[in-house]
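This report concerns only the one structure given below.
Laboratory data are not the source of any read-out in this text; all were calculated from the coordinates shown. From a predicted model like this one, the values you see are computed outputs, not experimental measurements. Note: ideal-geometry Cβ built from the backbone for every residue, glycine included; neighbour counts use all protein chains shown.
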Amino acid sequence: MADADPYQRLIGPLLAKDDGPDPEWMSQMSLKALAWAARGRHWPPWRGLLTNTAAALQRHHPQLQQSCLGLTFPNPVGLAAGFDKNGVAAAIWHCFGFGFAELGTITALPQRGHPRPRLFRLGAEQAALNRMGFNNRGSARIVSSLTGQQMPPPGQRPVPLGINIGKSQATALSAAEEDYALSYRRLAPMADYMVINVSSPNTTGLRDLQGVEALSQLIRRLGTTPLPTLPPPLLVKIAPDLTDTQLRALAELALELHQQGLLAGVIATNTSLNRHGLENRRLLTGGTLAEEAGGLSGAPIRPRALAVVGQLWGYLQGRVPIVGVGGIDSPQAAWERLAAGASLVQLYTGWIYRGPQLVPAVLEGFLKQLDAHGLNTVADGVGTGLPWLP
Ligand SMILES: Cc1cc2nc3c(=O)[nH]c(=O)nc-3n(C[C@H](O)[C@H](O)[C@H](O)COP(=O)(O)O)c2cc1C
């Protein structure tokens, strides 16, 4: 993947150093280009470029297909929430080889997020620290922009599109249910699946909604919210920093709500407040990771995110699907997440560092592991604990 890959050659060196181009600026520029491509995707020059991109990055294979959450996934590798917060490239994520993509986090009210700088690169550690604070255009405007992209309706798209919702900063925690319900009502009719984000570390009090009582009430509230369409499957995204006791309580709740048809699955995990041995690492601000606010992502959180999936699988034993995310930056890391119990995996920080070739590399890795272990499809590998065979 290294030398022949233009991304590694051109962008790789910029990402190796903390003081390369501003990471938020780089993300914004990429998203601008993607938004143009999505809007102009039927215009021949863009169409040609997207067709070539898809030809290079997509891997179609029946062994990669899976029925999960009541949906069909052409492959189990998705884009994690937070990159396309406003859904500007919703119509074209499949061209990058992803088997699904999650848009958001979207809040009921438009919001700017925290002051900049709020996204930091830790090049040597292949990690990032962010305290974006749910900067997004708000659910009402995002509905119009998704409608403007003229995509096929849920169930008829090239890949499932998830929509991740969170609480608006200005809404009190006591009014969180109403706030989530408003975004849910607006966005659920456009989503193949919905996610409630109760695990971002950058909105005060949000993580308290992971408590069994609050979460149960929130999910039941959304379950009784009237929609003009059948409700899409609902997932909850959790933090990597929960204690074993909290995780167990959450798993028990997930199982109960799953049996009642109110919850389809669990996404584990979001970014971490734990500094994973990097407490004394200085950021460009001069402050250490111990001093700076924000959630850590990328390679340093991989062991913890993997352990959380393993623990959840231990409690759930396949009865509730798990989506694994956190520090996945290689085919091996992706396979290990699947083997630990994740039916689907998502990429963010690793995708930025490794580039678009990471998706086909992971998919080819999966096919090789299935072959080496004598398994038929990716679903057969989930929770088996089977090792990565080099
Ligand atoms: C800059 C940035 C912004 C993010 N924004 C969101 C978000 O809005 N909603 C969310 O659920 N997760 C968000 N995440 C978390 C990712 O979806 C993912 O759970 C986390 O980064 C761990 O995966 P990774 O190590 O592959 O990045 C964000 C992550 C980063 C790096």
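Among the aspartates and glutamates, which have Cα under 17 Å from the Cα of Lys85 when same-chain residues fewer than 8 positions away are ignored? Here the aspartates and glutamates satisfying the reach criterion relative to Lys85 are Glu24, Glu102, Asp192.
Taken over the chain, the convex hull of the Cα atoms encloses 129 Å³ per residue. Once the mean of 1/r is taken over each pair of separate Cα atoms and inverted, region 1-89 shows a Kirkwood hydrodynamic radius of 15.9 Å. Summing charges over neighbours of Leu312, with a neighbour being any other residue whose Cβ is under 13 Å away from its Cβ, gives +3 when K and R count +1 and D and E count -1. With the cut-off at 1.5 for a/c, could you classify region 247-390 from its C-alpha gyration tensor as rounded, prolate or oblate? Oblate is the answer for region 247-390, as a/c is 1.5 or above yet b/c matches or exceeds a/b.
Quick one: dipole size for the chain, taken about the Cα centre, charges +1 on Lys/Arg Cβ and -1 on Asp/Glu Cβ, in debye to the nearest 20.
Details: 33 positive and 27 negative charges, 187 e Å.
Taking the Cα centre of the chain as origin, the dipole is about 900 debye.
Legend: ranking of residues Met194, Met29 from fewest to most surrounding C-beta atoms inside 10 Å; resulting order Met29, Met194. A Cα-only calculation for region 94-150 places Rg and Dmax at 14.7, 41 Å.
Treat the count of other C-beta atoms within 10 Å as a stand-in for reagent exposure and order Tyr193, Tyr7 from fewest to most.
Working: Tyr193 25, Tyr7 15.
Result, fewest neighbours first: Tyr7, Tyr193.
Its Kirkwood hydrodynamic radius, worked out from the mean inverse distance over all distinct Cα pairs, puts region 19-59 at 11.4 Å.
Near Ser27, once Lys and Arg are set to +1 and Asp and Glu to -1 for all other residues with Cβ below 14 Å from its Cβ, the sum equals +2. Of the residues Lys167, Lys85, Lys17, the one with the fewest other Cβ atoms within 10 Å heads the list, and the complete ranking is Lys17, Lys85, Lys167. Over region 121-249, the fraction of Cα-Cα pairs per 10 Å bin, rounded to whole percents and listed from the shortest bin up, is 11, 39, 33, 15, 1.
Between Tyr7 and Asp208, what FRET efficiency comes out of the Förster formula 1/(1 + (r/R0)^6) with R0 = 30 Å and r the beta carbon distance, rounded to 0.05? Write down the numbers at each step before the final one.
Working: r = 40 Å, r/R0 = 1.32.
Between Asp208 and Tyr7 the formula returns 0.15.
Using the Cα gyration tensor of region 306-390, with a ≥ b ≥ c the square roots of its eigenvalues, what is the shape: rounded (a/c below 1.5), prolate (a/b larger than b/c) or oblate (neither)?
On the way: a/c = 2.11, a/b = 1.21, b/c = 1.74.
In terms of gyration-tensor shape, oblate.
Placing a label point 7 Å from the Cα of Arg248 along the Cα-to-Cβ direction, the residues of region 298-330 whose backbone N falls under 19 Å of that point are 307-320.
Here the sum of -39500 (n - 2.57) over DSSP H runs of 4 or more residues, divided by the residues of the chain, equals -11000 deg cm²/dmol at 222 nm, to the nearest 500.
Would you calculate the convex hull of the Cα atoms in region 127-188 and tell me its volume per residue in Å³? All intermediate terms of the calculation are to be shown ahead of the outcome.
On the way: hull volume 7.7 nm³, N = 62.
About 125 Å³ per residue, rounded to a whole number.
By the gyration tensor of its Cα atoms, with a ≥ b ≥ c the square roots of the eigenvalues, what is the shape of region 215-318: rounded for a/c under 1.5, prolate for a/b over b/c, or oblate? Prolate, since a/c reaches 1.5 and a/b exceeds b/c.
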